[in-house]
1. Of all residues in segment 145-196, count the ones that are charged (D, E, K, R), in a helix (DSSP H, G or I) and farther than 30 Å from Tyr72 by Cα.
2. Determine, yes or no, whether Asp414 is under 27 Å from Asn512 (Cβ atoms), touching a His at 6+ places or on another chain (Cβ under 9 Å) and either in contact (Cβ under 8 Å) with a residue 24 or more places away in the chain or part of a helix (DSSP H, G or I) (or both).
3. So which pairs qualify, if the first residue must be in segment 125-139 and in a helix (DSSP H, G or I), the second must be open to solvent by 60 Å² or more (accessible area, probe 1.4 Å), the Cβ gap must be under 6 Å, and the two must be at least 6 apart or on different chains?
4. If only one of Ile481, Ile504, Ile566 is in contact with a helix residue (DSSP H, G or I) (Cβ under 6 Å, 6 or more places away or on another chain), modelled with pLDDT under 95 and of a type in the set (Val, Ile, Thr), which one is it?
5. Residues that are touching a residue at least 12 places away in the same chain (Cβ under 8 Å) and under 30 Å from Thr348 (Cα atoms): does segment 474-482 have at least one?
6. Among the candidates Ile446, Ile473, which residue alone is within 20 Å of His286 (Cβ to Cβ), touching a helix residue (DSSP H, G or I) at 6+ places or on another chain (Cβ under 8 Å) and of a type in the set (Val, Ile, Thr)?
7. Can you name every residue in segment 469-518 that is under 36 Å from the mean Cα position of the chain (by Cα) and assigned to a helix (DSSP H, G or I)?
8. Of the residues that sit in segment 60-85 and are outside any helix (DSSP H, G or I) and either in contact with a strand residue (DSSP E or B) (Cβ under 6 Å, 6 or more places away or on another chain) or open to solvent by less than 40 Å² (accessible area, probe 1.4 Å) (or both), which one is modelled with the highest pLDDT?
Amino acid sequence: MLYHLDYWLLHLRVAGQAGEKVFTWTLLLLLGIETWEGVVPYFLRCGERGLVPAHESSLESPGLGMREKLFYPFLITSFLLSLILLFVWIETSNEYFGFDWVIFLGTGYWFFWSIVLLSLFGILAAYCTLLVVLAFLLVWEGYEPNLHWSHKVLVLLVIVTISFFLWILFTYWRDRWLTTGLSLQIFAPYVHLSGITMMVILSWPVGFYLIHLEEEARIRRYKMANYDREKTKRCNTLTKLRALQVAIGLPFFLILLCLYVIPLGIHSPCIQEEGKLGPKPDFFGHRGAPMLGPENTMMSFEKAVEQGAWGLESDVQLSLDHVPFLMHDYDLRRTTNIKEVMPNASLTHPSLFHWRFLSTLNAGKWFVQSPLKPFYRMKALSKADRERAENQTIPKLIDLLELAQKEKKFVMFDLNAPPRKHPVRGTYIRRVVRLILDSKIEQHLIFWLPAFDREYVKQAAPGFQQVGRLYSIERLTKENISRINVDYKRLFYNGLRDYKAANIKINLYLVNEPWLYSLAWCSKIHSVTTDNIHILSQLDQPYFLMTPGYYMFMWLLMDSVSAVLIVTVFYFHWRRNAQQKKNTEDGPSATDQESSNLSINSPFRVMESPWTLASLYPALTKSRRKHPGSHHLLVVPKKKANEPEQVREVIKSLMPHEDAVRQLASPKKSFEPTWDDARKYTLQTALPPLKMNKPAVSSIETFQSEIEPENIPKSKPSQESSLTVFSPTTSMFSTGLVSKN
């Protein structure tokens, strides 16, 4: 039989009785379960050995077939994929600006596309997590979650969407995975400790189901010995139960074991002895301080100097009349007002304009007046800085060199080759070198990065510090290069130790996140190029720095405490299951003892209302017929001619003995004045509706008319009727009232 909703609400322990109903209906609403007919209880019937799982019941589950069960792996898959994609995107937040810039090149519209995708991935992960958690809660409370078709479609769309983005990352942006791997070098100790904590939490449901499945297997083995004709069927069920135990328990303990020993394989640069931490890496202001002023403007470089920049990094291009100026993009749309001045030329390469025109463009209004700033976490500018930014123009290289000479800052820049039809296409290196030498800047302040025509640069400006790329040690030694400027993602996977052993100084780009700067600091990197100089310059020590002894202590402590907690959880479930089994076995004997002593406690009932016929005479309700209506009438089937005498003997044995009734009449004298009033009130509340509705058949009248001629003495019809019509308020006095009558 299927229990009513009230039965299951009694088992929900969420927020009180009122909260239970709200929580239950919320589960149904979010999971798309329209009616309770779509929910199949995990436990269906109650017998001598307790509750029986739904898959073992003889009743079939309406609306749940093999397709429903096969869909659950898709839900778990969507949950795992969404978490993986969200984790990867969060850990690669250092690359958000580069991603937005690439999208801008394709669309021509600047927007925080990285934040949009972060929100999308977060929503998908939250949706899948919510479905999984709610499904788990329903299963925990005894229901099989029957997902609505709309949720199934959405889950499939989530899988397709996430698979598409993962394919994009694998195909066109593999560097994202490198960044994720580097983040684990910093967060691995904390991921390890968090994983152990999660396993302790999961041990509660895992222990519950393993102990429950073990109990079911024990019951199956017992039945196999008593029912040989169902031996094959029960053997198959026993095998399935064992398979479920292995499927649940084996992965859990394997993952737990891996978490216990994984610190042996963890290598984090920030786990090191005290006193071995290297000096704090110096800063190159990437295009100045682009979070404090418009990039590649004098205001931005001056802000970087104020924040303690060690050097200034920029991008140099040559105008059509051979003037080197500072510009990063291959057009003027993003950082100037070219669309207002000359819309038709907004896509033209900056090197194809004369300096006289370039110097008239505004290079700061986009930074102040645009509703979307270049960086999502930019702070608001002061009024003075806003006015200063609005008046910025495109600077020349000579302006940057003068500032560097004045502040004694190093200068490093990328020198972009002009387009093919440019007049100085083949000589742009020599023109720039000549300009630097004419500026009278100290040569050692120049970090020369371009690799083209390097031999000429060495001869013309021997004081320049030559900076290489991710070259081999042999090439660096041959070209007498003692410093490299490399992408952080590639360096940590390609010979970091070899470069440090060869005494090669390293500058990493582009480092914006504190955790990434902490990794560079712990790895003894000399300098980094950053947009976030005003935040990184405030760090006093690396994030997540700890000594090996401290981590070892935390490792052993977490492992020991988690092992004790997990063993305690499993023991608790085993103990509770054993106690329930003992109570089930001792229940009948205790009930018989109470019956023999004629206790005045209310009769033993299981999931029945205290005023129904089944609570007093359970043997009479097993063959009852239910009639439609708001209140079911209990009708005992008429006596058949060939009815066995055993039924009458059972009914007769359930009647209270006359001597026993007299024996209970003497005590509780304080209640004697209320017996007649209570019985009168009870009869008035129960019998008048029956008299007004004469065609109706009362279960009380039917029971009395059918049983009285056979088993009940005629001298006591009233006292038997009184037993069956008491309301709940007077049921506790049922025994005393019988004795009074």
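The values are calculated or read from the model by the stated rules, or taken from the named source; none is laboratory data. The model shown is predicted, which means the values in this text are computed figures rather than measured ones. Here Cβ is always computed from backbone atoms with ideal geometry, including for glycine, and neighbour counts include all displayed protein chains. Note: accessible area is taken over every heavy atom of the protein model, side chains too, but ligands, DNA and RNA are not part of it. Shrake-Rupley method; radii C 1.70, N 1.55, O 1.52, S 1.80 Å.
1. Adding up the residues that qualify gives 2.
2. Yes: the conditions hold for Asp414.
3. Short answer, once both residue conditions are applied: Ala125/Leu83; Leu134/Leu30.
4. Ile566
5. Within segment 474-482, the subset touching a residue at least 12 places away in the same chain (Cβ under 8 Å) is 476-477, 479-482.
Cutting the leftovers down to under 30 Å from Thr348 (Cα atoms) gives us none.
No, there is no match, as no residue in segment 474-482 is touching a residue at least 12 places away in the same chain (Cβ under 8 Å) and under 30 Å from Thr348 (Cα atoms).
6. Ile446
7. Residues satisfying the conditions are Tyr488, Lys489, Arg490, Leu491, Leu496, Pro514, Trp515, Leu516, Tyr517, Ser518.
8. That would be Gly65.
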